[in-house]
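This structure is in structure tokens; I'll ask about it shortly.
The values are calculated or read from the model by the stated rules, or taken from the named source; none is laboratory data. Everything quoted here is computed from the prediction, not taken from an experiment. Backbone-built Cβ (ideal geometry, glycine too); neighbour counts: all protein chains shown. Protein only, heavy atoms only, side chains kept; ligands, DNA and RNA dropped before computing areas. Shrake-Rupley method; radii C 1.70, N 1.55, O 1.52, S 1.80 Å.
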Amino acid sequence: MKYNFDEVVNRRNTYSLKWDGKDVIKTMGYTERYDYEIIPLFTADMDLPVPQPLIDALHKTVDHRIFGYSVFPDAYFESIQHWFKKRHDWTIKREEIVYSPGTIHALSIAMKALTKSGEGIIIQRPVYPPFTAAIEGNGRVVRNNALKCDAEGYYTIDFEDFEAKAKEENTTMFILCSPHNPTGRVLTYEELKTLSDICAKNSVIIVADEIHGDLIRKNQKFIPIAKVANSSDHIITCTAINKTFNVAGLHCTNVIISNPEIRKIFSDTMGMQLPSPFTIAALIAVYNEGEE
């Protein structure tokens, strides 16, 4: 193996939210104590160096010395298609890919584009807190389908409650976190199929946050929900390189939307989003050469 995952990299004084952002972290309410003895574990941001092909690609971009407005080359889309076909046997069409500078940004755009103020959006607590902030910040209402936890800490979905909430007249969207953050659950084919079927039956749009899909323990299998659905017309999937390759600061989410009508509404609401040349170079490098 090329990579030494035991290498210690000092990240202090590098503008790191995790290691330098004590004032921000206190404001967010995570802790009252923050000093050099603290090991910050509040954010999904690793302390591992990125793959060498990414470093080489970014050096090449820097060496060009001009960082102007950029467009997506064919290689960008081909890299995404290659990765998801190889890793997850998921065939994605080029026209289905919509760039977003972030996943929470994409969730907010989806809410604004496809739901109305006062409508209900299902989430499954305990879940990533910014989901709630995005829902309430956009004037929508949280419908909590709380996960059930057994005596050994294993979480499962309360499908009876989920279906009841999906049937409510003003429930129009479900934000799925798969694999689930923070419980670590990797949902089964049957669980995903049931969720998809209930939402399709009740005209509930699924926005699937699948950005942790590459970080799976041995003997587990991640399945994109769009693959198990009878039709993916009601599904929006957020993918990203940031968790897999530890590049959250490069702002690269790709939203997969197979329904042309929903894709147009989403894209029109988001407006023009131009990528950074570093983002383009990073994605192509890691998806083509970063698997090891």
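How much of the DSSP bridge set in the chain is antiparallel, in percent, rounded to the nearest 5?
40
Ok, one more. Taking only C-alpha pairs under 8 Å that are 6+ residues apart, what is the relative contact order of segment 1-129 in percent?
For segment 1-129, the relative contact order is 14 percent.
Among rounded, prolate and oblate, which fits segment 210-271 when a ≥ b ≥ c are the square roots of the eigenvalues of its C-alpha gyration tensor, a/c under 1.5 means rounded, and a/b larger than b/c means prolate?
Oblate, because a/c is 1.5 or more while a/b does not exceed b/c.
A follow-up question, please. For the Cα atoms of the chain, what angle does the longest principal axis make with the long axis of helix 277-289, in degrees from 0 to 90, nearest 10?
80
Leaving ligands and nucleic acids out of the surface, order Met28, Met111, Met46, Met270 by accessible area at 1.4 Å, largest first.
Met28, Met46, Met270, Met111
Can you pull out the trypsin sites (Lys or Arg not before Pro) in segment 177-229 whose DSSP state is coil and whose Cβ has at most 12 other Cβ atoms within 10 Å?
Answer by residue number: Arg217, Lys218, Lys221.
What angle do you read, to the nearest 10 degrees and between 0 and 90, between the alpha-carbon axis of helix 103-114 and the longest principal axis of the chain?
Between helix and principal axis, roughly 40 degrees.
What shape does segment 117-242 have by the C-alpha gyration tensor, where a ≥ b ≥ c are the square roots of the eigenvalues, rounded means a/c under 1.5, and otherwise prolate means a/b greater than b/c and oblate the rest?
Because its axes are fairly even, with a/c under 1.5, segment 117-242 counts as rounded.
On a 0 to 90 degree scale, rounded to 10, what angle separates helix 74-88 from the longest Cα axis of the chain?
60
Are there any trypsin sites (Lys or Arg not before Pro) in segment 52-123 that are in a DSSP loop and have at most 15 other Cβ atoms within 10 Å? List them by number.
Taking segment 52-123 and a limit of 15 other Cβ atoms within 10 Å, the loop trypsin sites (Lys or Arg not before Pro) found are Arg65, Lys93, Lys116.
Based solely on its DSSP helices, what 222 nm [θ] is calculated for the chain when runs of n ≥ 4 H residues each add -39,500 (n - 2.57) and the sum is averaged over all residues, nearest 500 deg cm²/dmol?
Result for the chain, helices only: -11000 deg cm²/dmol.
Something else: If you bin every alpha carbon distance in segment 130-183 into 5 Å steps from zero, what whole percent lands in each bin?
Going from the shortest bin to the longest, the percentages are 4, 16, 24, 24, 20, 8, 3, 0.
Working from the alpha-carbon coordinates of the chain, get Rg over Rh, Rh being the Kirkwood radius.
0.96
Still on this structure: Along the charge dipole of the chain, pointing to its positive end and built from +1/-1 on Cβ of Lys, Arg, Asp and Glu, which listed residue (Ser178, Val286, Ile225) has its Cα farthest out?
Of Ser178, Val286, Ile225, it is Val286.
Size of the dipole of the chain about the Cα centre, Lys and Arg at +1 and Asp and Glu at -1 on the beta carbon, nothing else charged, in debye to 20?
With Lys and Arg at +1 and Asp and Glu at -1, about 280 debye.
Taking amide hydrogens as modeled 1.01 Å from N in the peptide plane, which residues meet the under 5 Å criterion relative to Tyr99, leaving out close sequence neighbours?
Residues meeting the criterion, in which the H sits 1.01 Å from N, are Val255.
Are there chymotrypsin sites (Phe, Trp or Tyr not before Pro) in segment 13-72 that DSSP marks as loop and that have at most 10 other Cβ atoms within 10 Å, and which are they?
Listed in order of number, the matching sites are Tyr15, Tyr36, Tyr69.
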